[in-house]
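All of the numbers you see were taken from the coordinates with simple rules; none came from a lab. Because the structure is a prediction, the values reported are computed rather than measured. Every residue, glycine among them, receives a Cβ derived from its backbone with ideal geometry; neighbour counts consider all protein chains shown.
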Amino acid sequence: MKVSILGGGSEIGASCLHVHIGETDLLIDAGMRVHGDDLLPAFGMLDNLGEPRAVLVTHAHADHIGALPIVHRLYPKAPIFATPPTADLMQIMMKDSFKIMEQRCTETRSLIPYTKEQMQETLQALRLFPAGGRMTVGDVKVTLYRAGHILGAVMFMIEGGGEKLLVSGDLSFKAGRTIPGAEVPAGVRPDALILESTYGSREHSDRNTEEKRLADNVAEVIAAGGFALIPAFALGRAQEVLLILQDYMDRGLIPEFPIYVDGLVTPISKIYRRYPQFLKGPVAHRIRTNGDAFLTEGRCTPVTPNEREAVLKGKPACIVASSGMLIGGASVWYAERLIGSEKNAIFITGYQDEESPGRKLLNLAEGESDELELNGTTHAVKCRVDKYGLSAHGDAGELNRFIGMVRPARAVLVHGDDEARAALNERIERRYRPVLSENGETYTFSHSLSGREIRNDDRGRDPNRVLKEKVGCLVLYRKEGDEQLRLALCTGVHGRTHSLICQTPKGKQIRLSLDQTAETIGGWNRSFDELQHDSGEVLAFSRPFLKKIRWADIEEGIWTFEEIVSMCLPEDGLKLRLAAALALQALPDRSQTLDHGLVRYRIGRDSLHLLADLHLPVQGLKMNATLAMAEIRRFMADQPHFIRCGADALGTTTEHITLYFDFPDTIGPEERRELFDKIKETTGWTIAFSDSVRTDLLQAKVNEWLGTSDSPSIYLDTKCVSMPVARPENGEEIAGKIKEETGFTLQFKDENPAPVDAKVQQGVSAEFFRAQMPSPRLENNEAINEAKIWAEDRGITIYKASIKQQNGLAYMEVHFITPEVALRHTVDMEELSYRTGLPITFAKNPKQNEVIRASSELIPKGWGLQKNPSLHSGEALLTIKLPKEPPEEEVRRVGERIEARTGYRLSVLVR
């Protein structure tokens, strides 16, 4: 494998790599420099290198794409691949690069490298990476990983000829407000890592502190009657700044003031709007609800060149304009007019090239000079100048931790000045054999020299190797004697005790042995506030996150956690990773093996069903009952018949929440099903519906509508209200209103009772079943005896039949093994009603001992069942724990028999 540095090696600018791996040649990026006489990479080197089969683009900044038209002219058959957002952004950024290059060539009276037509041809020839993030070029496989940095930015894992190369592109781990941070391909162990080192010599300031300082200072300048200019990179940085300022206004932390947006910021912000799925949740939500997250009507106003003078003649305001280094564009126009007043300010928020006016302005602020040249004119600088750390690049500590997680055989440092690369080189562990690259050099890497054999030899000599691999990672652990899983960040290793030094999300330092750790979630380099919030949310209620995981995408086999989440997570992030780990840890012990500190999970068909159906004791599967009821009351606030809810226990294992309504019959089967699904989804709780009726309210409503004070007779079994008065002229209208408002039928003196609807909807049973044709009522003992004969005639097993009364009405209650079995016999119960002359209902609780006895009889003795099955009545589920896993076909057959006998589904867990 050979990597040739055509540009962007010992510098920031003109990034371009030629890669030969396996039998395939690739070109990665082709950017331009913003300063100097030579704007382009060393394309002359390509004469001695293989013709690229494809060109891969990491992201849309000019220093990575500005020279692509030359590559396309040289190799028109080589497709240029980019992510969809990058391809859209290139339509703007490449045109801007051409404009800068055209202006530079005019100033220097040099020949322009390519024409506008060639640029257009390049843009039209762009091809998109597959949605799955993987593709094959020649004999190599290319895998994309999110790089953070800006919208659409990716890094590449390139594999071919038994060798692996990881090209980072520009990385951002903490990201910002717009996009998620880099997706770290932990443990991939490439033979070489080509790593950017822009900020290799520094650690970033705290992001929240810098954001607050920027917002406060902008507000301070405007309050004093000045203008605050923020020159910002139109792609990435400007969007961050707009979100910061608006967020601080929304929270009332700074006063409202106008923001004007100029230059490329406006069209690029509109492209962000097209890709909410690539953005962070809050930004995507703002786009969905408001249509935009950056250019907010009445607050952030786009400005055209013709409107600039009017802006400066108006009220004090903040101006966010490109370019970010004051090289050209709208920001220079404003700077020329604002720089001479002490009331104004220029606030720098990003990287400044050594030769850029932005860098010179910062040097001026440190007292080196008091003049600045812009567009060939020298200006006396009197305005306030300051810089804020909102970088979209990883800092030295993050880059070093990234190397430690990726674990390459060699680390080649590119995309940084001499100071940054040298400083990062000193920090990197020697085992990664760092290389300070130089433009024009070719580096050869061999799989046989990857150092993997050395690391394997080290395995036996370093007892803390497994522990060290967890540094910088989040781990799930258990306290001794406690089955609850907790989360901590590993910050170091205590060599003498062979233990992990960790911090909990609340900042408490603890020490863990390797035996206490259950799973490694992945690296973490964001704030502890975020860690506490995100992990707390999942640990408190994991169901919403578990439902997002594509369990069906997991293939059967034995996998590590990283292999599993790579198959099933719709997006990578702490919440889904943590939820997945909690679910996997809830699998039976037999499904887990430990190998050198690495947990492997045996995933089969039963495991996939348990995960997909959430039939596992996953931590946080249900909300706290108090919180769940508060959530129920919140979304039931607009239901006029809802009264209250309460948590109830059924037996010793199952709990549910009961909903109470003034008139339960007004809640129909469809609404009940929707409520059941909604509450289960949002709280994890199953619900039941109380049949209790507010008879006092019913009586009051009837008297109110009839204008009487008589006491009605209320028959709960037939849902009928009988009034001791003759039907008035508007009786039909009143009866209709009462039926609609309460579900009860109104009848008047000397009228026949209304017939009862005895139909049963799936999942919601009527209280009573009654034959449509009347029949004589049997005496109690005769009716019970008739029920026994009816059961024998129909081949139905019942355990008891008894006569009860409700509000003076006699009815029969029949006991089946479970309510689920009873619902199979609704028509039979209507017949029993005809044979006895009584309304029929069934017992709502299962015969738990009978379910256990019947199920135990059907379970083969060879399965080794030692404890009674566990019942989950709310889900009609029967769970058994076995010492070993029976054959799948046998489990299916036994499950069908148990369900036919009891109405309960069978779930098998292996201890």
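Annotations
- Spatially proximal aspartates and glutamates relative to Lys313 (Cα-Cα < 18 Å; intrachain offsets below 8 disregarded): Asp262, Glu336, Glu342
- Charge dipole of the chain about the Cα centre (unit charges at C-beta), most positive-ward option of Met119, Ile798, Leu89: Ile798
- Helix 418-427 and the longest principal axis of the C-alpha atoms of the chain enclose an angle of approximately 50°.
- Cα centre as origin, Lys/Arg/Asp/Glu Cβ charges: the chain dipole, Debye: 1620 debye
- Sorted by Cβ neighbour density within 10 Å, fewest at the top, the residues Phe842, Phe769, Phe43: Phe43, Phe842, Phe769
- On Cα atoms only, tilt of 396-406 relative to the major axis of the chain in degrees: 60 degrees
- Taking amide H positions as modeled 1.01 Å from N, with prolines and chain starts lacking one, the residues under 5 Å from Glu183 and 5 or more places away or on another chain are Arg146, Ala147, Gly148.
- Cα-Cα over 27 Å, subset of Lys95/Lys382; Lys547/Lys881; Lys622/Lys739; Lys2/Lys77; Lys95/Lys387: Lys95/Lys382; Lys622/Lys739; Lys95/Lys387
- Descending principal axes extents, the range 682-729, alpha-carbon based, whole Å: 50, 20, 19
- Taking amide H atoms as placed 1.01 Å from N in the peptide plane, the amide H of Arg644 lies under 5 Å from those of Tyr660, each 5 or more residues away in sequence or on another chain.
- Radius, Kirkwood style, for the range 3-92 when every pair of distinct Cα atoms is counted (Å): 13.0 Å
- Lys, Arg +1 and Asp, Glu -1 on Cβ, resulting dipole of the range 625-689 about Cα centre, debye, nearest 20: 160 debye
- Sorting Ser722, Ser205 from the fewest to the most surrounding beta carbons within 10 angstrom yields Ser205, Ser722.
- Separation between Cα centres of the range 153-190 and the range 687-704, rounded to whole Å: 63 Å
- Those lysines that a straight Cα-Cα span of less than 25 Å connects to Lys788, excepting residues fewer than 8 apart in one chain: Lys759, Lys800, Lys804, Lys844, Lys847
- Projected over all directions and averaged, the alpha-carbon convex hull of the chain occupies 49.7 nm².
- Listed from fewest to most Cβ neighbours within 10 Å, the set Ile259, Ile796 follows the order Ile796, Ile259.
- Computed on the range 334-406, the Cα convex hull volume stands at 109 Å³ per residue.
- Cα-centre dipole for the range 695-842 with unit charges at Cβ (Lys and Arg positive, Asp and Glu negative), debye to 20: 260 debye
- Across the range 733-741, rounded Karplus estimates of 3J(HN,Hα) from the backbone phi angles (6.51 cos²θ - 1.76 cosθ + 1.60, θ = phi - 60°) give 5, 5, 4, x, 5, 5, 4, 5, 7 Hz, Gly and Pro being marked x.
- Dipole of the chain, positive end: most advanced residue of Asn780, Pro185, Gly50 [Cβ charges, Cα centre]: Asn780
- Neighbour-limited loop hits for chymotrypsin sites (Phe, Trp or Tyr not before Pro), the range 177-260 (at most 13 other Cβ within 10 Å; DSSP other than H, G, I, E, B): none
- Euclidean distance between Cα centres, the range 208-284 to the range 72-139, Å: 29 Å
- Taking the empirical scaling 2.2 N^0.38 Å for compact globular proteins as reference, the range 153-272 has a Cα radius of gyration ratio of 1.39.
- Karplus-based coupling profile of the range 511-523, in residue order and whole Hz: 10, 10, 7, 4, 5, 7, 7, 9, 7, 9, 7, x, x, with θ = phi - 60° in 6.51 cos²θ - 1.76 cosθ + 1.60 and x standing for Gly or Pro.
- 13 Å Cα-Cα reach of Lys678 towards aspartates and glutamates, excluding residues that sit fewer than 8 places from it in its own chain: Glu631, Glu670
- Taking 0.692 mPa s as the viscosity and 37 °C as the temperature, the Stokes-Einstein diffusion coefficient of the range 462-613 based on its alpha-carbon Kirkwood radius rounds to 207 µm²/s.
- Size estimate for the range 766-890 follows the Kirkwood approach: the inverse of mean 1/r over distinct Cα pairs works out to 16.4 Å.
- Rh (Kirkwood; distinct C-alpha pairs) - the range 207-387, Å: 16.5 Å
- Zero-based 10 Å bins, Cα pair distances in the range 695-842, whole percents: 11, 37, 28, 18, 6, 0
- In order along the range 8-16, the phi-based Karplus estimate (6.51 cos²θ - 1.76 cosθ + 1.60, θ = phi - 60°) of 3J(HN,Hα) comes to x, x, 9, 6, 10, x, 6, 4, 6 Hz; Gly and Pro are listed as x.
- Annotation: amide H of Gly7 within the under-5 Å range of Cys16, Ala42, Gly440, sequence separation 5 or more or interchain, hydrogens built in the peptide plane.
- Among beta bridges identified by DSSP and lying wholly in the range 625-689, the antiparallel ones come to about 75 percent.
- With eigenvalues of the C-alpha gyration tensor scaled by 5 and rooted, the range 93-136, Å: 31, 10, 8
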